[in-house]
1. Could you pull the accessible area for Val572 with a 1.4 Å probe, rounded to 10 Å²?
2. At 1.4 Å probe size, put Leu48, Leu540, Leu491 in order of accessible surface, largest to smallest.
3. Which order do Trp737, Trp70 take by accessible area at a 1.4 Å probe, largest first?
4. Testing the spin-label approximation: label points 7 Å from Cα along Cα→Cβ at Val425 and Gln39. State their distance in nm.
5. In this model, which of Lys698/Lys761; Lys669/Lys761; Lys402/Lys514; Lys133/Lys190; Lys415/Lys514 are farther than 21 Å apart at the alpha-carbon?
6. Taking the chain as the reference, fit the longest principal axis to its C-alpha atoms, fit the long axis of helix 3-29 to the helix C-alpha atoms, and give the angle between the two in degrees, 0 to 90, nearest 10.
7. If you project the alpha carbons of the stretch 618-750 onto their three principal axes, what span does each projection cover, largest first, in Å?
8. For Asp348 and Leu73, what does the FRET efficiency come to when R0 = 60 Å and r is the distance between their Cβ atoms, rounded to the nearest 0.05?
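The values are calculated or read from the model by the stated rules, or taken from the named source; none is laboratory data. A quick note: this is a predicted structure, and the numbers were derived from the prediction, not measured. Cβ placement follows ideal geometry from the backbone for every residue including glycine, while neighbour counts extend to all protein chains displayed. For accessibility, only protein heavy atoms count, side chains too; no ligands or nucleic acids. Shrake-Rupley method; radii C 1.70, N 1.55, O 1.52, S 1.80 Å.
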Amino acid sequence: MTENSLAHGRSSTHLFQKVALLILATAFLSEIAGFLTHQLNLALGAVLLLWLAITYLPLRKVALRSHRLWLGLAILISAFASLRVQPGLRPLLVSLFLLGLYQVLSSGDETARELKGMAVGTFSFGLFLIFEKHSPIVWSAIQSFSVWFSRVIGAAGGRQLSISASFTGVYITLLFLSVSVALFFSSRRKKPVSLVLLVVAFLVANGIAIALGHPLAHAMATVVRDSAEGVSAYNRILMSAPLLALCLGLIPLYVFTRIMHPTIEPSPGKVRPVFGGVGLSALLVSILILVLVAPARDTGQARIAFYREGYFNWMRPIHGEYGSRSSGMFGNLPVFAEALGFESITIDSINGSILTGVTVLFMINIDHELPAHSYEEIREFVERGGSLVMLGDHTFFKDERKNWLNAVLRPFKIKYNFDSGDYFVGGWLHSYSYPASPLTVGMSDEQNDVGSVVGASLRISYPAVPVIIGRYGFSDEGNPDDEDGGYLGNLEYDPGERLGDVILAAAQNYGKGKVLIFGDTSGFVNPLMIDTYPFVNRVLTWLASDARIPAHGPRLTLSIVFLSLFILLTSVSGFSALRFLLMPILAIVPIILSQALFAGRVETPIRGDFALVDDSHYGRYPVEFWKPHGHMGLHLNLMRKGYLSFGMRDFDTHFLNSSRLLVLIAPSKAFTSGEITALDEYVRNGGNLLMAVGYEEKGASTSLLRHFGFDIENTPLGSFYTDVPGTDLFVYFREAWPISYSGEDVEVIAGHGEYPAVVLKNHGEGRIVVFGDSGFFYNINLETEDEPLTANIEFLSWLLDQLNTPEES
């Protein structure tokens, strides 16, 4: 073996290592490597990206005074520090990172020309993700190819498969191709047959991953099906299927770098800055056309008509009924609409005269056939410019074993499937995908902000668009013979059922109006609206506005025309470091601009009688509302007194000042001086503040307590019943501590002997009530799912009356 061949082998191996690290880093940062939490994806991707940079160390003969060095370092550090952006933009930042690294290396004797090809590859993949997120046509095309590809692979193995892009590894294959093709065109060997073989090799690797991954998961589940751990392992393997595609894709990548020998050529000597500048302009215009949407305008006083009939109820929590079944379903929804400033009416039938002047028609779980004229009235209502929103549910067979939801939707390109859109991770945590839309801009899935649980999946066709997608879920086919079981299937994934990327909500323009369809009702019911109210606000605001779904066909066509112009001009303009640095920046800026245009426009300010429970200071209670130490009972008791009750996830002074009541439950995060000032002004201006905090948990609340003249003493009082002076009420404490206080206008509401346990203080026009028991508002101290503590419920009701509560429901 000659010295040249050994050098070539080492060079190819080093190139493979670098490209492999790049692809692994980009896959995790883009969150296309299967189900991992967002934080773990980001951490793995960041570490791998740093590892890639370290492979270029040590640097030789670095010119410390070179502007390239310091410019490169600034770009490299800025790109790395910005990786917390949404996953779809991270490949563009990786491209910027690589170009910064190239500048650093160019300041010395290092060349590392492969970095340019690697940067172009990740940039290209980033552009694809932008197009996929902002164009439902691109998303649908990828999904259709993925499902077709999985069916072909399944048929070859005698198995039915219908797998989406998030599970097949198609995104992984596109990433491999983007980087490899970019390197291919920067190599000395550009034989077309080699390019074809390269594409085929990656598709074969992807096909093998599909063929091996899913039968393996199915076999494991068959062996240990009766074990909870076995089902969990089955789900984990399914959700990790793209990792197998990622690993197998490294094989053709190794062959590519080792055998095809993509030695990077020197950059073309002639640079044409005019062509390059026009190309950059074309890129900017292409992205602007794709992502910018004109902000919606308020149409004035909107009237929302809630159709009364369906498989649900309009109940609200009332006194005398307690526990999980007392929350009602949709009774708070019309009240919430009015709190947004809309006029709400309920209607028993649908005809032209009733819909006159109506802006939004709200229909839920239609379980019966409507009169023929009503279907036409609904269609004409939307065509004239009205908005129709419909909530449905899983396996929805009702009257005459028919799905009457789809009868309403006949004119539209959205239909309910006879299935359950089910998740692998409870509450769809880290499992949603949000196509670009003012309804979901800026939303996260680290908590279930949408509120979808197990509903029906939807099927759509152009021009309908997906609004919410369940990436890591599946479509469980219903059982038409199991009426007693609600026609549910087995609630497990079976090969042949749709796996991944199930549509949970969709929208469509129709005539001058629009329709918005949800496969599940859960996010709009009374108890879940405690957390989902920002999203419900967005839904009602969007429906009541003149917002339209963009014409995605013409937009995509025009965007591709300008993108093609950019590619053509860039390919003939020669390499310019500045221009390549600007490319990812110009692709990111329009998206940030688009999101900024919607900031503050997607929600309507809430007014009226509502109470807040502060979540922003991490109160000591679980996120599951009905756990013994949860606080659903508190919310229901607030609703019984006429309040709308919400959790306040972020400390928002404007939102706080619009409320009537704020509850703090054993905060674990200290209050800033600005927050204390805001709470002081809130109470002085008429707000009521309730604080439940014991001695052992008072640390984070000490500054706030002392500001108002309170403290919690280190004298455990334990659990006890005591009477409320001046009333015939009793109140129970589980773990009380005495409250000390100073100042005037203070009243001891209840205590244990000489030790105050509940103290009320007037402060300006409002009042502060301190409970020396961190768990006073816990479910076990008010009401659990099955059992109320009547004495404390009656005490809290009486106390709220003293605080001038709104009229009871």
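1. 60
2. Leu491, Leu48, Leu540
3. I get Trp70, Trp737, largest accessible area first.
4. Rounded to a tenth, the inter-label distance reads 1.2 nm.
5. From the list (Lys698/Lys761; Lys669/Lys761; Lys402/Lys514; Lys133/Lys190; Lys415/Lys514), the Cα-Cα distance tops 21 Å for Lys669/Lys761; Lys402/Lys514; Lys133/Lys190.
6. On a 0 to 90 degree scale, this one is about 20.
7. Each principal axis gives a Cα extent; for the stretch 618-750 these are 39, 35, 29 Å.
8. Given R0 = 60 Å and the Cβ-Cβ separation, E is 0.30.
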